[in-house]
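The values are calculated or read from the model by the stated rules, or taken from the named source; none is laboratory data. Since this is a predicted model, take the numbers as computed values, not measurements. Note: ideal-geometry Cβ built from the backbone for every residue, glycine included; neighbour counts use all protein chains shown.
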Amino acid sequence: MARPNPAAAAALGAFRRAKLCTGGRPDQFDLAAVLSACAGLGALPPGTQVHCDAVKSGFSSGAFCAAALVNMYARCGRVGDARRVFGGIACPDTVCWTSMISGYHRAGSYWEALSLFSRMVKMGSSPDEVTCVTVISALVSLGRLEYARTLLKRMLAPNLIAWNSVISGYVQQSGSEHEVFGLYKDMKEQGLWPSRSTFASILSAAANMMAVVEGRQLHATVVRHGLDANVYVGSSLINLYAKCGCISEAMHVFDFSCEKNIVMWNAMLNGLVRNELQEEAIQMFRYMLTLGLEADEFTFVSVLGACASLDSHCLGRQVHCVTVKNCIDGSLFVANATIDMHSKFGAIDDAKKVFNLIAYKDSVSWNALIVGLAHNEEEEEAVCMLKQMYLDGITPDEVSLATVISACSNIGATETGKQIHCLAIKYSICSNHAVGSSLIDLYSKHGDLESCRKILAQVDASSIVPRNALIAGLVQNSREDEAIQLFQQVLRDGLKPSSFTFSSILSGCTGHLSSNVGNQVHCYTLKSGLLNDDTSLGVSLFGIYLKSKMPEDANKLLVEIPDRKSLLEWTAIISGYAQNGYSYQSLLSFWRMRSYDIHSDEATFASILKACSEMTVLSDGKEIHDLIIKSGFNSYETATSALIDMYSKCGDIISSFEAFKQMKNKQGITIWNSMIVGFAKNGYADEALLLFQRMEESQIKPDEVTFLGVLIACAHTGLIIEGRHYFDSMRKVYGLIPRVDHYACFIDLLGRGGHLQEAQEVIDQMPFRADGVIWATYLAACRMHKDEERGKLAASKLVELEPQNSSTYVSLSGLHAAAGNWGEAKIAREAMQEKGVTKSPGCSWVTVGNKTSLFLVQDKKHPDSLSIYEKLDDLTGMMKKDDDIEDSDMLVSAEMFA
C-alpha cells in the first residue's frame, strides 16, 4: 500500500474545501488558486485533477486558469505538458509567458527560454520584472554575460535578484571577476541594499583574484550590514582568507561565528588543507566528530586530501573505512577523492577497485585514475584507459589529454601521442597550456622542434608553461642559443619566468656561457624572490658555479639557501661537489646533512662514496658503508657498485670483493663492471679477466664500461695479444663501437709494450679526431721508451689542443731529459713560462682521528701551519744530513715545498 503524499493531500483538501464553499462549482479564481497551491507543493496528481475540472467547467482557456496550469506543470517538471497548454492559449498574458519561460529555465532548457522570450517581445507583450530576472538567469547560465548585463541596464528598476544573478555569473566565469566590483558599485549607486547572496558572490570574486585588501574592506562592510553572523557569508569570508594565505584571519572568522553549520566547517577544513596545514585539518575533523556533527561528502573530500598530503596511507585507509561505514563512499565526490588518495600512495590496485565500484563515472573519476596510472609509471594502461573513457561516451578534457600525452612522451610512444593530438584538435583543446606543453614535450623528445614551434603559436600566449616546455626541449636537443633567445623573448613579452624556466636555462649552460648566464640568473632570482621560495633553483645555480670552477661563489650561494633543504637538494649539493672535484666539501656537506637528521637514500650514498674514493679516505668510506647496511641499501645495485669502486680506489681490493660477493642479485651489469675495473686498476689483471668470463657465463652481456676494465687489465699486465682480441671483439662480436676512452686504453697497451708505430697507426685510423687524452697517452708511451721524434709530434698536437695544460710541457721536458737532451728540455720549460702556463698546485688529505685536513703546495690556511712548517724544516734538515740521500732533486723539491 502506497504511503499518502502530504503535499498532495493538502492540495486536494484545499480543492475540496473550495468545491464545498461554492456548492460544487468553483469559479476560475478558485481553480487558479488551487493550481497555484499544487505548483508550490509540487503536487502533480491533484493538479491534473484540477485541470480536468477546469476543462469540464470551461475555464481552462481563461486567462487565470491557463496561466496557473502552465505554471503548475512547469513547476512540477512537466515542461512538455506546460508547453501544450501554453500552445492552446490564443493571447497569453505576461504572467503566462513568464510561467512558460521560467519552466524552460527551471528544466535547464535555456535556449528554449531565450527563444520564447524573443517571441514574446515580437508579439508585443511587455516583460515584467520576473520575466527579465528569469531571462537574465538563463543568459548567465549560458555564459552570455554581456547580453545579461545589457538586459539589466534596460530594466527600469532592476531588483536585487537581477543584480545578484549577473554578479554571480561574472564570478563563475573565470577571468571576469574584475567586473564584479564595478557591478557592485553600480548596484549600490541605485540605492539597493546588498544581501547575503551579494556578499557571498563578491567575496568569492575577491578570493579568486587573491584580492585580500578588497576582501578586508568587504568584511568591514559585511559587519556594518550585520551579516557577519550569516553562515553563508562567513563561509565565503573563510574561503577568501584561506585562498589568500591568511589562515589566522580565516580561523578568527570561524571561531567568532555564533552559528557553525557543516558548510562553515567544510570551508575551514578546505582552507587548512589548501594552506598545507594537514595535521590541523585532521585534528579539526576529529573535534568535529566529537561534537556530534555529521560529516558530508565535502568534508571527506577535504580530509582525504589532507591524508594524501600527510604521506599517511594508513590514515587515508581509515578515513576510507569511515566513508564506507557512513554509507557515503558511494558519493561521486568522495569516490573521486578516494581514487586520488590511493593513487598518490602508489596503491593503484585499491584505486582501481574504488573506480570499478562507481556506478556513474564522470570525467573527474576517469581523470583521477588516468593521472594515478601515469604517475605510477603505468603509462600504457593510462593510454588504454583514455580509450575506454572515450568508448564510454565521456568526452576527454584537458586533464586527461595532457596526462596521456605526457605518458606517451615518457614511454616514447610518439605515434600514439600524435593520434591523441588529433583528438585534442577535434575537441579544440590544443590552446590549453597544459595540453600544449605536453605536446611540445612529446615532439621535442622526438626531435621535431618545428612542430613544437607550431604548437606554441596556437597555445594561450599568457601562460609561461608552454614556453618553459619549449625552452627545455631546445636544451635537450642541444639548441642552447635558441633556448636563451626564447627566454629573452619571454622577458620582452612581459611574462614572469618561473623556477622551471631558470632551471631549464641553467641546465643548458655550458662552457664560457655558463658563468655569465649563471650570474645573471642569480641576480634576477634574488631580486624577484624566487631564490628564497625555491631551493631547488638555488641548487641548480650551485651546480653551474661548480662547473665554472667558481667554488667561492657556490659556497656563498649555499649561505643564501635556507638550511631546511630536502633530501633531494642535499643530494644535489653533495653530488655537485663530488662530480666537480671538490670531494672534501662533499664530505663536509654529507655530515652536515646528517646533523639535520635527514636520512640518505641510494643516490646520496653513491655520491658521497665517489667523494671518498677520490680522496681515498677509507675510514669515512667504511663509516658510510655501515650507514648503508643500517639503512638497508646494501642490497641495492647502485650503492653496492659505489662501495666496490670506493674500496678499489682506496686500495682495499679484499673489502671490494667482499661487497661484490655479498650482493645476492647480480643481474645488473653495473656491479660486474665496478668489480672488473677495480681488479684491473689495482693490478689484478688475471682476476679481472676471470671475472669477465664468469660474467659471460652468467648470460650478462658486456657493455662499453666492461671492455674498458678489460683493456685496462690487459694494459697493466702487458697482455698485448689478449688486448687486441678484446678490442677487435667489441665491434665484431658484441656490436659495440669503441669510444675515445677505449682507444686511449688500447694505445696505452700498445705504447707500454713498445709498439709505438702500431699505436700511431691506430690513432691515424680512428673514426674521430684524437683528443688530448689520446695524445697524452701516446706522449707518455714515447717518454717511457725515449722516442723523442714521436714524442715531439704528440706534444705539438697536445699544445694545439690544450695550450694551457702544464702537463704537456712537463712531460715533453721529462722526455728530453730522459734521453739526455738537456737543451730541448730547457726549451720546453721556457716555452711553458713564455706562454704563461702555470702548474696546478698538488693537494693531499691527511686524516687524524675523525678530522680530515686538506693541504696545498705552499698552503698557509691551516690553523697549525706554523708548527707544520717548523716540523717540515726539521725533516728537511735531517734529510740533508743523511749520507744515504743521493738524489739532490728530492732535497730541492723539499725546499721548494717549505
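Do we have residue 436 as under 22 Å from the mean Cα position of the chain (by Cα) and assigned by TED's automatic domain parsing to the domain that holds residue 382 here? First the steps, then the outcome.
Numbers: under 22 Å from the mean Cα position of the chain (by Cα): yes; assigned by TED's automatic domain parsing to the domain that holds residue 382: no.
So residue 436 does not fit the description; no.
Inside the stretch 638-683, can you point out the residues that are surrounded by fewer than 19 Cβ atoms within 10 Å (Cβ to Cβ) and under 17 Å from residue 700 (Cβ atoms)?
Listed by number, the residues that qualify are 638, 661, 664, 665, 666, 667, 668, 669, 670.
This table checks each residue for (1) surrounded by fewer than 21 Cβ atoms within 10 Å (Cβ to Cβ); (2) in contact with a strand residue (DSSP E or B) (Cβ under 9 Å, 6 or more places away or on another chain); (3) more than 26 Å from residue 426 (Cβ to Cβ).
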site: 357; (1), (2), (3): yes, no, yes
site: 363; (1), (2), (3): yes, no, no
site: 392; (1), (2), (3): yes, no, no
site: 400; (1), (2), (3): no, no, no
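Out of all the residues in the stretch 709-719, which are among the aliphatic types (A, V, I, L, M) and touching a helix residue (DSSP H, G or I) at 6+ places or on another chain (Cβ under 6 Å)? Let's see the steps before the verdict.
Going residue by residue through the stretch 709-719, those that are among the aliphatic types (A, V, I, L, M) are 710-713, 715, 719.
Result: 710, 711, 712, 713, 715.
Given the criteria under 22 Å from residue 287 (Cα atoms), of a type in the set (A, V, I, L, M, F, W, C), modelled with pLDDT of 80 or more and surrounded by fewer than 19 Cβ atoms within 10 Å (Cβ to Cβ), does residue 212 qualify?
no
In the stretch 362-415, how many are in a loop (DSSP other than H, G, I, E, B) and over 17 Å from residue 438 (Cβ atoms)?
The first filter runs over the stretch 362-415 and keeps only residues in a loop (DSSP other than H, G, I, E, B), leaving 362, 376-378, 392-397, 412-413.
Right, trim to over 17 Å from residue 438 (Cβ atoms) and you get 362, 376, 378, 392-395.
Number satisfying all stated conditions: 7.
I need a count of the residues in the stretch 221-238 that are assigned to a loop (DSSP other than H, G, I, E, B) and either surrounded by 20 or more Cβ atoms within 10 Å (Cβ to Cβ) or in contact with a helix residue (DSSP H, G or I) (Cβ under 7 Å, 6 or more places away or on another chain) (or both).
First, pick out the residues of the stretch 221-238 that are assigned to a loop (DSSP other than H, G, I, E, B): 225-230.
Narrowing further to those that are either surrounded by 20 or more Cβ atoms within 10 Å (Cβ to Cβ) or in contact with a helix residue (DSSP H, G or I) (Cβ under 7 Å, 6 or more places away or on another chain) (or both): 227-228, 230.
Number of matching residues: 3.
Being over 13 Å from residue 305 (Cα atoms) and within 35 Å of the chain's Cα centre (by Cα) is the filter; apply it to the stretch 257-279 and report the residue that is surrounded by the most Cβ atoms within 10 Å (Cβ to Cβ). Step through it out loud before you land on a result.
Looking only at the stretch 257-279, we keep the residues that are over 13 Å from residue 305 (Cα atoms), and these are 257-265, 267-268.
With within 35 Å of the chain's Cα centre (by Cα) added as a condition, the list becomes 262-265, 267-268.
On the way: 262: 15, 263: 16, 264: 19, 265: 25, 267: 26, 268: 28.
The selected residue is 268.
Return the pairs, sorted by first residue and then second, in which the second residue is among the basic types (Lys, Arg), the first residue lies in the stretch 219-244 and is within 16 Å of residue 201 (Cβ to Cβ), the beta carbons are less than 6 Å apart, and the residues are 6+ apart or on different chains.
Sorted first by the residue in the stretch 219-244, then by its partner, the pairs are 227/196; 230/196; 232/196; 233/196.
Which residues, taken from the stretch 296-349, are among the small types (Gly, Ala, Ser), closer than 22 Å to residue 262 by Cα and surrounded by 22 or more Cβ atoms within 10 Å (Cβ to Cβ)? Spell out the reasoning first.
Initially, the stretch 296-349 is screened for residues among the small types (Gly, Ala, Ser), giving 302, 305-306, 308-309, 312, 316, 330-331, 335, 337, 343, 346-347.
From what's left, closer than 22 Å to residue 262 by Cα: 302, 305-306, 316, 330-331, 335, 337.
Once the filter is applied, which keeps residues that are among the small types (Gly, Ala, Ser), closer than 22 Å to residue 262 by Cα and surrounded by 22 or more Cβ atoms within 10 Å (Cβ to Cβ), the stretch 296-349 yields 302, 306, 316, 335, 337.
I need the full set of residues from the stretch 245-260 which are polar (S, T, N, Q) and within 18 Å of residue 283 (Cα to Cα), in order please. Even if it seems obvious, please write down each step before you answer.
Of the residues in the stretch 245-260, the ones polar (S, T, N, Q) are 248, 257.
Once the filter is applied, which keeps residues that are polar (S, T, N, Q) and within 18 Å of residue 283 (Cα to Cα), the stretch 245-260 yields only 248.
Being surrounded by 24 or more Cβ atoms within 10 Å (Cβ to Cβ) and out of contact with any His (no Cβ under 9 Å at 6 or more places or on another chain) is the filter here; which residues of the stretch 240-256 pass it?
Across the stretch 240-256, the qualifying residues are 242, 250.
Which condition number in (1) of a type outside the set (S, T, N, Q); (2) part of a helix (DSSP H, G or I); (3) within 18 Å of residue 794 (Cα to Cα) is the one that residue 714 fails?
(3)
Matching residues to (1) aromatic (Phe, Trp, Tyr); (2) within 21 Å of residue 572 (Cα to Cα); (3) assigned by TED's automatic domain parsing to the domain that holds residue 572; (4) modelled with pLDDT of 90 or more:
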| site | (1), (2), (3), (4) |
| --- | --- |
| 618 | no, no, yes, no |
| 625 | no, yes, yes, yes |
| 634 | no, no, yes, no |
| 637 | no, yes, yes, no |
| 645 | no, yes, yes, yes |
| 685 | no, no, no, no |
